[in-house]
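Heads up, the thing below is written out as structure tokens.
No lab work stands behind these numbers, since they all come straight from the coordinates. None of these values were measured; they are calculated from a predicted model. For neighbour counting, all protein chains shown are included, and Cβ atoms are generated from backbone atoms with ideal geometry for every residue, glycine included.
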Amino acid sequence: MELAVCQQISLEAHLSGWSASYSDRRAVAAVVLALAHAARQIADLIARGPLDGSLEAEIGTNVHGDVQKGLDVRANALLIPLSRPHLSLRSPPRSWMSLSSATTAHR
């Protein structure tokens, strides 16, 4: 019995192959790559911890009354723009607009 050898492949290469023949998959692949990039930036931010500012400091509340901390606002700033190119022509949900403006106010 032969053991299968796992070959490492990048997410970008995998998604490129997965979406090559399907135009509707290309949009999904683009979103997955954008989310992966943002997640890596958030992970780097957390890894730097206090060297990158006070991430745990409470800096306000969101529209739902939840306390927002520095990490919340900075992660939001990385993720919210990813949704904008993919919105339909209708207006975004009110909560998105509120979160977006809250992020801008705390930069």
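With θ taken as phi - 60° and the Karplus curve 6.51 cos²θ - 1.76 cosθ + 1.60 applied, the whole-hertz 3J(HN,Hα) list for segment 17-34 is x, 5, 9, 4, 9, 10, 5, 5, 6, 4, 5, 5, 4, 5, 5, 4, 5, 5 Hz, x standing for glycine and proline. Counting other Cβ atoms within 10 Å as a rough exposure proxy, the listed residues His37, His64 run His64, His37 from fewest neighbours to most.
Taking the Cα centre of each part, how many Å lie between segment 66-85 and segment 13-35? Centre-to-centre (Cα) distance: 24 Å.
The residues Asp72, Asp66, when put in order of fewest to most other Cβ atoms within 10 Å, stand as Asp66, Asp72.
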